[in-house]
1. Can you give me the number of residues within the range 125-149 that are under 29 Å from residue 88 (Cα atoms) and outside any helix (DSSP H, G or I)?
2. Quick check on the range 106-121. Is at least one of its residues within 20 Å of residue 22 (Cα to Cα) and surrounded by fewer than 19 Cβ atoms within 10 Å (Cβ to Cβ)?
3. Restrict the check to the range 100-107 and report whether at least one residue is modelled with pLDDT of 95 or more, touching a helix residue (DSSP H, G or I) at 6+ places or on another chain (Cβ under 7 Å) and on the phi < 0 side of the Ramachandran plot.
4. Of (1) without any contact (Cβ under 8 Å) to a residue 60 or more places away in the chain; (2) touching a strand residue (DSSP E or B) at 6+ places or on another chain (Cβ under 9 Å); (3) under 26 Å from residue 127 (Cα atoms); (4) outside any helix (DSSP H, G or I), residue 79 satisfies all except one. Which?
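The values are calculated or read from the model by the stated rules, or taken from the named source; none is laboratory data. Computed from a predicted structure; not experimentally measured. In this analysis, Cβ positions are derived from the backbone assuming ideal geometry, glycine residues included, and neighbour counts consider all displayed protein chains.
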């Protein structure tokens, strides 16, 4: 009788990677591209990531985005935004708040204000993904996904 060695025995390909927190991966890819001063970053797609990307575009944190649909998962191409003269990125900090191991839910009266209203908190609510200001106006709470400023 042959025994299997402990742990994983196969090599995971690029398309077959195990991911426990895809939102943290999305934010980390953005953070790494900004620190490397890349102009464009490509990220595997999901509906939640598409909604977060739309919010970042609407609030002026990214220059543009494009959803690329292939036969598999698809991807999101994001053009990062930098100041024309100082070359400083529009996203100074992007931080994951709620994680799969420790979810952070808040009511409408406890929604956070990031940098006293200068930044945004992205919140997943029963009405969809939105900023903290939109959720406060609608009077609904939800899961705080991340802070951006």
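1. We begin by selecting, within the range 125-149, every residue under 29 Å from residue 88 (Cα atoms); these are 129-134, 144-149.
Next, only the ones that are outside any helix (DSSP H, G or I) stay: 129-131, 144-149.
So the answer is 9.
2. no
3. No, the range 100-107 contains no residue that is modelled with pLDDT of 95 or more, touching a helix residue (DSSP H, G or I) at 6+ places or on another chain (Cβ under 7 Å) and on the phi < 0 side of the Ramachandran plot.
4. Among (1) without any contact (Cβ under 8 Å) to a residue 60 or more places away in the chain; (2) touching a strand residue (DSSP E or B) at 6+ places or on another chain (Cβ under 9 Å); (3) under 26 Å from residue 127 (Cα atoms); (4) outside any helix (DSSP H, G or I), the lone unmet condition for residue 79 is (3).
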